[in-house]
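Every number here is computed from the coordinates shown, using simple stated rules; none is lab data. None of these values were measured; they are calculated from a predicted model. Neighbour counts run over all protein chains shown; Cβ positions are idealised from the backbone, glycine included.
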Amino acid sequence: MELSAVGWTTLLLGTPTDRWSHSGIGVLADGRLVISASGGGELLLLDEHTGDIDGVWTGSAHAHGIEAIEGADGNELWIADPGPLGQSGQLTRIRVDGTMLARLTEPGTDGLAEQWKPTSTAVVTGATAHRGDLWIADGYGRSLVHRVSGTGDTRTIDGSTSGMRFDCPHGIAIDHRGPEPLVAIADRGNQRVVFLTLDGEFVRAVTDDAMPTPSSLALRGDDLLVTDLRGALLRIDRNDRVHVIVADSHGSDREGWPNRVVDGEVVAPEFREGCLNSPHGLAVGPTGAVYLTEWALGGRVIRLDL
């Protein structure tokens, strides 16, 4: 796809002064976007049509992975928070007003794990026996993937049945494109996207030279979209072919990336329209619009119309 065919809108630039954005992104049923404020702690609910932004305090270090779901009381969120450097993270379920509904510790550890650093979650929907199962990518901790069923049964998968163990399974999504839903995992350290059955059995893996650091995943029609952290947006079609939507501009080759160095100081990057700096979070809206966050001081939120 030619970049000229991509509609590009910058929705938000964060506060760069010593405030990192390491955010996922979700879309509520009413179309509002949910992102983490740069620096963490607060969620921002952004109505892109009115420009209104509401803040919700959660106390999370990073809303790194955000999964919007329809709860019994309306909009709810699963937040994957890897936590501050050197500390364990948390996986929480909250209402959009910040009310805590549940907090999960690492399966099989009785809450004693020191390296529980979840990065992404996905919930199985649709008419399947696995409806309601929660899949968790522990990308920054032990490089494991967990499945928690609706009855509380857990299964932990290390990826070894694929021929190699996971290495930073960063993003996760449910892939409904085939006759049976699959779990798609952005196994970033291994430069691949792995597909499992809903029972956790290995199906296949997809690799491509254009995808050296796959990070986040989202389904859009017949395509599985992939952010590559080094600066690209890709799509995997139903035949596992990888296509470039926004090409890598090789900005990751510069000193200080994802930021830049000026007079020996690390400062925010110069974000340029049409050029991705460090695409991180990824979501698709009800009309097919694609939303990206970028990892850097301040960060950036972008809407792409393909």
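Tell me which residues, restricted to the stretch 77-104, are assigned to a strand (DSSP E or B) and more than 17 Å from the chain's Cα centre (by Cα). Show your work before the answer.
First, pick out the residues of the stretch 77-104 that are assigned to a strand (DSSP E or B): 77-81, 90-95, 100-104.
Within the stretch 77-104, Ile94, Arg95, Met100, Leu101, Ala102, Arg103, Leu104 meet the criteria.
Please specify each residue of the stretch 144-180 satisfying the condition of being part of a helix (DSSP H, G or I) and surrounded by 15 or more Cβ atoms within 10 Å (Cβ to Cβ).
Once the filter is applied, which keeps residues that are part of a helix (DSSP H, G or I) and surrounded by 15 or more Cβ atoms within 10 Å (Cβ to Cβ), the stretch 144-180 yields only Ser162.
So, Arg204, is that one farther than 22 Å from Asp222 by Cα and part of a strand (DSSP E or B) or not? It would help to see each step written out before you state the result.
Numbers: farther than 22 Å from Asp222 by Cα: no; part of a strand (DSSP E or B): yes.
It is false that Arg204 is farther than 22 Å from Asp222 by Cα and part of a strand (DSSP E or B).
Quick check on the stretch 230-269: of everything there that is touching a helix residue (DSSP H, G or I) at 6+ places or on another chain (Cβ under 8 Å) and free of Cβ contacts under 8 Å to residues at least 40 places away in the same chain, which residue is surrounded by the fewest Cβ atoms within 10 Å (Cβ to Cβ)?
Trp257
Limited to the stretch 265-306, what total is found for residues that are under 11 Å from Ser21 (Cα atoms) and of a type in the set (Val, Ile, Thr)?
2
Take the residues of the stretch 117-132 that are among the β-branched types (Val, Ile, Thr) and in a loop (DSSP other than H, G, I, E, B): which is farthest from His146 (Cα to Cα)?
Within the stretch 117-132, the first condition is being among the β-branched types (Val, Ile, Thr), and the residues that meet it are 119, 121, 123-125, 128.
Add one more test, that the residue is in a loop (DSSP other than H, G, I, E, B), and what stays is 119, 124-125, 128.
Numbers: Thr119: 12, Val124: 13, Thr125: 17, Thr128: 19 Å.
That would be Thr128.
Given the criteria of a type in the set (D, E, K, R) and either part of a strand (DSSP E or B) or under 17 Å from Gly285 (Cα atoms) (or both), does Arg230 qualify?
No.
Based on what the data block shows, is Gly41 in contact with a His (Cβ under 8 Å, 6 or more places away or on another chain), more than 17 Å from Gly288 (Cα to Cα) and surrounded by 12 or more Cβ atoms within 10 Å (Cβ to Cβ)?
So Gly41 fails the test.
Looking only at the stretch 181-198, count how many residues are free of Cβ contacts under 8 Å to residues at least 40 places away in the same chain and either within 18 Å of Trp78 (Cβ to Cβ) or part of a loop (DSSP other than H, G, I, E, B) (or both).
Qualifying residue count, the stretch 181-198: 1.
For the stretch 270-298, give me each residue that is in contact with a helix residue (DSSP H, G or I) (Cβ under 8 Å, 6 or more places away or on another chain), farther than 14 Å from Leu234 by Cα and surrounded by 22 or more Cβ atoms within 10 Å (Cβ to Cβ).
Scanning the stretch 270-298 gives a single hit, Asn277.
Would you check if there is a residue in the stretch 68-78 being closer than 22 Å to Ala296 by Cα, touching a strand residue (DSSP E or B) at 6+ places or on another chain (Cβ under 9 Å) and surrounded by 14 or more Cβ atoms within 10 Å (Cβ to Cβ)?
There is no residue in the stretch 68-78 that is closer than 22 Å to Ala296 by Cα, touching a strand residue (DSSP E or B) at 6+ places or on another chain (Cβ under 9 Å) and surrounded by 14 or more Cβ atoms within 10 Å (Cβ to Cβ).
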